[in-house]
Amino acid sequence: MTHTLTHEQIAAALLEGPALVMLDRVELDTDAGTAVGTKAVSMAEPFFQGHFPGAPIMPGVLQVGAMVQAASLLATEGQAVNLRLVLLERVKFRKPVMPGDVMGVEVKATGTDANGALTFEGKTLTGEDAACSARFALAAAPVGTPAASEPPTGEPLQHLDAVAIMKIIPHRYPFLLVDAAEVYEGMLLGHKNVSGGEALLVGSKCVSFFEYLQVEAAAQTACADALSKPESQGKLGYFMSIDKAEFFRQALPGDRLEMQVEVNVRGRFGTGQATGRIAGETVFEATMKFALVDREQEKL
């Protein structure tokens, strides 16, 4: 059966509030297991205030959010969504999405994984060109078990407040998702205080720091680490891919999310291995890649 949901119906069904609803309409074909949607990208979107000032580009993780939302609506046949993102893999950011673009969203259900989570493949497009592609899984509750890991020990070498972080990376409110960080030998520990009053979360039916935002916060932490190095001065970091990310619990208002990131930079490219924790409990694990480019090349 095929039916089309309007923006109002989409917003009524999703967990996210207005600032994070990344679909304007979507057609669901439950027999074929596909969802096809569109997002008219406007400069009026609140995230363009902070990503990036002077060079607006739609955050890649919000393209992932659009795919996750389309898949969630497909799984619930357009009814109230009760599913969360539990796995991301093979996510590639191929082409920027800019104000004025009409972004297409295509998702196909591919079955279930060994843990019983629903699996999907998706992509976003501008015209005929793929902007982002991903594989991912959704479930009503976490299905994986995090690997054992140890937080950093000893005194940090340096503390970075939000002002210091903004001197390193170009992200600004409301899309600056790191509040502070500590520099350790070989790693950076970023902090994100989850507030129910922050602009991206206002109006959400389940007010949590959504999983794709957790990956973005980790990526910003990784870029702050990479761009603080002497050899990276005058450069910007661009998100290229998420090799794999697993999510084990929600981050709720009042939580302090710690993001331990180890970065390896070789030439123009870097990798980041991130672990997110709340009160010592692992929330997510992610492996990412990014590119470093000269600031004068920030046109995307």
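Nothing in this text is a laboratory measurement; each read-out follows from the coordinates by a stated rule. All values derive from a computational prediction rather than experimental measurement. Don't worry about glycine lacking a Cβ; one is built from the backbone with ideal geometry, like all the others, and counts go over all protein chains shown.
See the values below:
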read-out	value
Over the chain: helical MRE at 222 nm, DSSP H runs n ≥ 4 each giving -39500 (n - 2.57), nearest 500	-4500 deg cm²/dmol
Where only C-alpha atoms are counted, convex hull volume of the chain per residue in Å³	122
Using a Förster distance of 45 Å, the FRET efficiency for ALA279-GLN233 (Cβ separation, nearest 0.05)	0.80
Distant-in-sequence amide H partners of ASP101 (H built 1.01 Å from N, under 5 Å)	VAL41
Length released on extending from ALA199 to THR76, taking residue separation times 0.36 nm less the Cα-Cα span	41.6 nm
Relative packing of peptides 19-25, 227-233, 211-217 - highest average C-beta neighbours within 10 Å first	211-217, 19-25, 227-233
Relative exposure of PHE269, PHE48, judged by other C-beta atoms within 10 Å (fewest first)	PHE269, PHE48
Amide proton proximity set for VAL86, modelled H, under 5 Å, gap of 5+	ALA137, LEU138, ALA139
Per-residue ³J(HN,Hα) for segment 21-31, Karplus 6.51 cos²θ - 1.76 cosθ + 1.60, θ = phi - 60°, Hz, x for Gly and Pro	6, 9, 10, 9, 7, 8, 9, 9, 10, 6, 5
Förster radius 35 Å - calculated FRET efficiency between GLU89 and GLN9, Cβ distance, rounded to 0.05	0.70
Cβ-Cβ FRET estimate between ALA180 and THR287, R0 fixed at 30 Å, reported to 0.05	0.80
Protection proxy ranking, peptides 171-181, 108-118, average beta carbon neighbours within 10 Å, highest first	171-181, 108-118
23 Å Cα-Cα reach of LYS108 towards lysines, excluding residues that sit fewer than 8 places from it in its own chain	LYS39, LYS92, LYS95, LYS123, LYS244
Integer Hz, Karplus 6.51/-1.76/1.60 couplings in order for segment 278-291, x for Gly and Pro	10, 6, x, 8, 6, 9, 8, 9, 8, 10, 9, 10, 8, 10
Size of electric dipole in segment 216-284: Cβ of Lys, Arg +1 and of Asp, Glu -1, about Cα centre, debye, nearest 20	200
Relative contact order of the chain, defined on C-alpha pairs under 8 angstrom at six or more residues apart (%)	18
Label-point separation in nm, ALA147 to GLU27, each point 7 Å along Cα→Cβ	4.3
